[in-house]
Amino acid sequence: MSFFRGAYDSIPVDEKGRIILPRKIRGSLPQEANDTCVLAAWLENCLAVFDLHTWNELTSKIQNGASVSDANTRNLLRFLHSNSDDVKIDTQGRISINKKLLGFAGITDRVTVIGVGDHAELWNPERYEQHMAGIDVARVAELTDLF
């Protein structure tokens with residue numbers, strides 16, 4: 001299983017929607033990924049980068065964890081699969097982000113990349129700063145019984 005961590009600010013997005021994925025993020029992908037990952041629209045209007053195995057486990061867990069007659073499950077699966085893309089990391093370490101996903105995340109000329117354990121996230125830098133400013137880490141930890 002992949003484990004992503006770290007934060008990388010102000011990564012340029014070129015005119016073709018490509019970014020250089022940070023070396024430590026690329027290095028967290030398993031060898032068998034063969035420089036391919038899944039890029040998906042994600043929660044809080046960011047994008048998520050998953051290795052294919054983790055992506056398949058996640059979507060299978062959603063699909064198998066609830067009845068297909070449940071509208072919320074069907075809608076979530078529709079959202080995830082219709083807003084995801086298999087992307088290949090090129091020899092320069094870049095991935096190409098399609099216009100639909102760039103628009104979803106509000107990403108224009110710069111991106112913040114963060115590791116979040118089993119996936120990495122790509123954020124509009126201003127949106128990421130606003131989101132993080134609103135988090136009370138001690139309160140969240142207390143609510144989740146982590147400490």
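A short reminder: the numbers here are calculations on the coordinates, not readings from a lab. Bear in mind the structure is a predicted one, so any value in this text is a computation, not a measurement.
Were the residues from Lys24 through His53 laid out at 0.36 nm apart, the gain over their Cα-Cα distance would be 8.6 nm.
Taking one quarter of the surface of the C-alpha convex hull of segment 2-63 gives a mean projected area of 5.2 nm². The distance separating the Cα centre of segment 9-60 from that of segment 108-147 comes to 16 Å. Considered as an equivalent ellipsoid built on the Cα gyration tensor, segment 2-147 has semi-axes of 23, 21, 16 Å, the largest given first. Computed extension gain for Arg110 through Gln130, at 0.36 nm per residue and net of the alpha carbon distance, reaches 5.6 nm.
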